[in-house]
Amino acid sequence: MLDFREIVEDARREHHRLVDAFLDLHAEDLARLAEWCADALLHGGKVLFFGNGGSAADAQHLAAEFVNRFDRERPGLAAIALATDGSVLTSIANDAEFSQVFSRQVQALGRPGDVAVGITTSGGSPNVLVALRAARGGGLRTAALLGREGGPARAEAELALVVPGLETARIQEVHILAGHLLCRRVEDLIERAAESRLTSSS
């Protein structure tokens, strides 16, 4: 059995390795996703986040950062986490099947030009895959925060951001870092657009 200090050091090493690998691979992809989100929000659209378990919690966390604030005071930004409405989730799971709990909401709430962001550490969650397909079919831009080798979700998302690790906990840690960087960049772009409008109108 490992000493706790060894567990800490192993986690530290793997965390730093995955952060470095992910950002080397996907910093430009994160910037692109931020541009999609800002464009959707500036044109009356929204961002839909969804995932299961810890990824559902990450989806709620990121939606909250958009709707309330991340790094600065500014108007709320339209974002929805699709795992938060128990009545919707259980009615879809009961009347249809659990694989449709997100796709049905994407069909109901999503509009062309919106952004759908699926989160799955395995890349294989059936309800995330079905929702990404529904989003693409509805004209939404699609992105996915993934782990391991990306799984089937890698092919379902227009933009796949993969944390190349095997441990769920370490993957989730990088996902939330990616989400925070996304929030920061979106706020920058929204603020820049507001300043540009003020300059052009003066």
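We did not get these values from a lab; they are worked out from the coordinates using the rules stated. Note that this is a predicted model, so its numbers are computed, not measured. Don't worry about glycine lacking a Cβ; one is built from the backbone with ideal geometry, like all the others, and counts go over all protein chains shown.
Can you tell me which residues in the range 114-152 are out of contact with any helix residue (DSSP H, G or I) (no Cβ under 6 Å at 6 or more places or on another chain) and of a type in the set (G, A, S)?
Of everything in the range 114-152, those that are out of contact with any helix residue (DSSP H, G or I) (no Cβ under 6 Å at 6 or more places or on another chain) and of a type in the set (G, A, S) turn out to be S122, G124, S125, G137, G138, G139, G150, G151.
Tell me which of these D85 doesn't satisfy, since it passes every other one: (1) within 19 Å of L129 (Cα to Cα); (2) out of contact with any strand residue (DSSP E or B) (no Cβ under 8 Å at 6 or more places or on another chain).
(1)
List the pairs whose first member sits in the range 67-83 and is over 19 Å from F102 (Cβ atoms), whose second member is among the basic types (K, R) and outside any loop (DSSP other than H, G, I, E, B), and whose Cβ atoms are under 6 Å apart, counting only residues at least 6 apart or on separate chains?
From the range 67-83, the pairs are D71/R184.
Within the range 24-41, work out how many residues are among the charged types (D, E, K, R), more than 17 Å from G110 (Cβ to Cβ) and surrounded by 11 or more Cβ atoms within 10 Å (Cβ to Cβ). Working first, answer last.
Taking the range 24-41 first, the residues among the charged types (D, E, K, R) are 24, 28-29, 32, 35, 39.
From what is left, the residues that are more than 17 Å from G110 (Cβ to Cβ) are 24, 28-29, 32, 35.
Right, trim to surrounded by 11 or more Cβ atoms within 10 Å (Cβ to Cβ) and you get 29, 32, 35.
Adding up the residues that qualify gives 3.
Which condition from (1) under 28 Å from Q100 (Cα atoms); (2) surrounded by fewer than 16 Cβ atoms within 10 Å (Cβ to Cβ) is the one that A21 breaks?
Tallying (1) under 28 Å from Q100 (Cα atoms); (2) surrounded by fewer than 16 Cβ atoms within 10 Å (Cβ to Cβ), A21 fails exactly one: (1).
When you check T120 against the structure, is it among the polar types (S, T, N, Q) and touching a strand residue (DSSP E or B) at 6+ places or on another chain (Cβ under 8 Å), yes or no? First the steps, then the outcome.
Working: among the polar types (S, T, N, Q): yes; touching a strand residue (DSSP E or B) at 6+ places or on another chain (Cβ under 8 Å): yes.
Yes; evaluated as a whole, the condition is true for this residue.
Checking I119 against (1) in contact with an Asp or Glu (Cβ under 6 Å, 6 or more places away or on another chain); (2) free of Cβ contacts under 8 Å to residues at least 60 places away in the same chain, which test does it fail?
Result: I119 fails condition (2) only.
Just the residues that are of a type in the set (S, T, N, Q) and crowded, with 20+ Cβ neighbours inside 10 Å, please, taken from the range 42-60. If you could, list the steps in order and put the result at the bottom.
First, pick out the residues of the range 42-60 that are of a type in the set (S, T, N, Q): 52, 55, 60.
Within the range 42-60, N52, S55 qualify.
I want to confirm something. Restricting to the range 97-113 and keeping residues that are within 16 Å of G45 (Cβ to Cβ) and of a type in the set (S, T, N, Q), which single residue is farthest from the chain's Cα centre (by Cα)?
First pass over the range 97-113, keeping only residues within 16 Å of G45 (Cβ to Cβ): 105-113.
Cutting the leftovers down to of a type in the set (S, T, N, Q) gives us 105, 107.
Values: Q105: 16, Q107: 18 Å.
By that ranking, first place goes to Q107.
Just name the residue that is nearest to the chain's Cα centre (by Cα) out of those in the range 20-61 that are under 21 Å from R133 (Cα atoms), in contact (Cβ under 8 Å) with a residue 24 or more places away in the chain and not in a helix (DSSP H, G or I).
Going through the qualifying residues, I end up with F49.
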